[in-house]
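A short write-up of the structure that comes next.
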Amino acid sequence: MKTRHTFDYDHYDSLADLSEADRELVAQAERATASAHAPYSHFCVGAAVRLRSGRVLRGSNVESEVFPAGLCAERSLLFYVASNFADDPVETLAIASRPSERECYPCGQCRQALVDFERRQGSPMRVVMSGGGTASAVASAALLLPFTFIL
């Protein structure tokens, strides 16, 4: 039997079309690219989250000489949030990169980590992926990985 999977997402042709809250979160993710340590790929990624309390936190990617020991911005930030703000769910995560010629999407490992994080916190996390002056957003990280790993 053939089955079809589809999902809805929002696309913004300009960052100006985002809500003020999302524009600010994307701006925080863009600022986070400045703290990235990417001497090998030269691809700096920043992430920012808005917690239910309204607190905004940032993270960036870190590469290591002993590849693959580095960590993507999304996971470094979410692991920090899980360790320090476990009782304050993530409502929205924004991702940005430098260079920023196109929208920055999470890698496969990050997609699984995002879904795991949603399951742990018991609520969906909106994901805003920005770059090149545009953005796309999904209402839940689970939409980015329809066939997730489950123990």
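Considering only residues in segment 27-72 that are touching a residue at least 40 places away in the same chain (Cβ under 8 Å) and under 19 Å from G108 (Cβ atoms), the one that is surrounded by the most Cβ atoms within 10 Å (Cβ to Cβ) turns out to be A47. Strands (runs of 3 or more DSSP E) fully within segment 1-62 that include at least 2 residues being farther than 12 Å from S130 by Cα: 44-51, 56-60. I'd like the full set of residues that are under 17 Å from A139 (Cβ atoms) and not charged (D, E, K, R), limited to segment 1-34. Matches in segment 1-34: H5, T6, F7, Y9, H11, Y12, L18, S19, A21, L25, V26. If only residues of segment 63-98 that are part of a strand (DSSP E or B) and among the small types (G, A, S) are counted, the one that is nearest to G122 (Cα to Cα) is A94.
No lab work stands behind these numbers, since they all come straight from the coordinates. As the structure is a computational prediction, the values presented were derived from the model and not from experiment. Every residue, glycine as well, gets a Cβ built from its backbone with ideal geometry; the counts of neighbours run over all protein chains shown.
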